[in-house]
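Reading through the structure tokens given below for one structure.
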Amino acid sequence: MHARQQLRDAIVTAVTGLALTGSRVYTARVYPAQDTELPHLEVNTVDEEADAVSIHGPAVVERIVSIEIAARARATSAVAATLDTMAEQVETALGSAVSVSGKSIALTYQGATIQFSGEADQPIGAAVLRYQAVLYTAANAPGTLVNG
């Protein structure tokens, strides 16, 4: 399993069971949420920059992975407060490292964007939280972490 998927799965595990979203945590979601699926979280690895950081083969690859966690809720009169509470719960859950293949991987909070949309069947608000993680793998084994 690729290191990105292992990271994504570890984040999903860390944010599953939060007070407002419970088990409603999704990855790679493309369809609009149904009313019964809100509020929920969407966890996606959205970008990766890579660079070889060793001179001996096989090279060690430093992977800087960007993660977005979208906290989505119905746009009611209290949606801003709901999104802030959801963001607080996610930030608390991810404030320390996550365990990926038995290795501790720190997540660095990068900021958030607040969005509102009336394009779906119901108005929805979202707080999109951005994180980065640094993973190290051998060039010939992208599923095996060498973080130490």
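The values are calculated or read from the model by the stated rules, or taken from the named source; none is laboratory data. Not measured: the values here are computed from a predicted model. When we count neighbours, we look across all protein chains shown, and the Cβ atoms used for this are built from the backbone with ideal geometry, even at glycine. Note: accessible area is taken over every heavy atom of the protein model, side chains too, but ligands, DNA and RNA are not part of it. Shrake-Rupley method; radii C 1.70, N 1.55, O 1.52, S 1.80 Å.
Residues considered: V46, V90, V25. Largest GNM mean-square fluctuation over the chain, using C-alpha springs under 10 Å, is found at V46. Axis angle, to the nearest 10 degrees, between helix 79-93 and the longest C-alpha principal axis of the chain: 30 degrees.
Projected over every direction and averaged, the convex hull enclosing the alpha-carbon atoms of the range 22-72 yields 4.8 nm². Quote the FRET efficiency, to the nearest 0.05, computed for H56 versus R29 with a Förster distance R0 of 35 Å and r equal to the Cβ-Cβ distance. Between H56 and R29 the formula returns 0.30. Summing charges over all other residues whose Cβ lies under 12 Å from the Cβ of Q6, with Lys and Arg as +1 and Asp and Glu as -1, gives +3. The relative contact order of the range 52-121 comes to 14 percent, based on Cα pairs under 8 Å that sit 6 or more residues apart.
In the context of the full set of protein chains, the chain has a per residue accessible area of 52 Å² (1.4 Å probe). Computed extension gain for R130 through D84, at 0.36 nm per residue and net of the alpha carbon distance, reaches 15.1 nm. Between the Cα long axis of helix 3-15 and the first principal axis of the chain there is an angle of about 40°, rounded to the nearest 10.
Using helices alone, I'd like the mean residue ellipticity at 222 nm for the chain: each DSSP H run of four-plus residues gives -39500 (n - 2.57), total over residue count, nearest 500. Only helices count here, giving -6000 deg cm²/dmol. Per atom type, the range 19-148 shows carbon and sulfur on 50% of its accessible surface, probed at 1.4 Å. So what is log10(I(q)/I(0)) for the range 1-123 at q = 0.09, 0.10 1/Å, when the Debye sum runs over its Cα atoms only? Cα-only, vacuum Debye calculation for the range 1-123: -0.30, -0.36. Taking every alpha-carbon pair within the range 69-148, the share separated by more than 21 Å comes to 45 percent.
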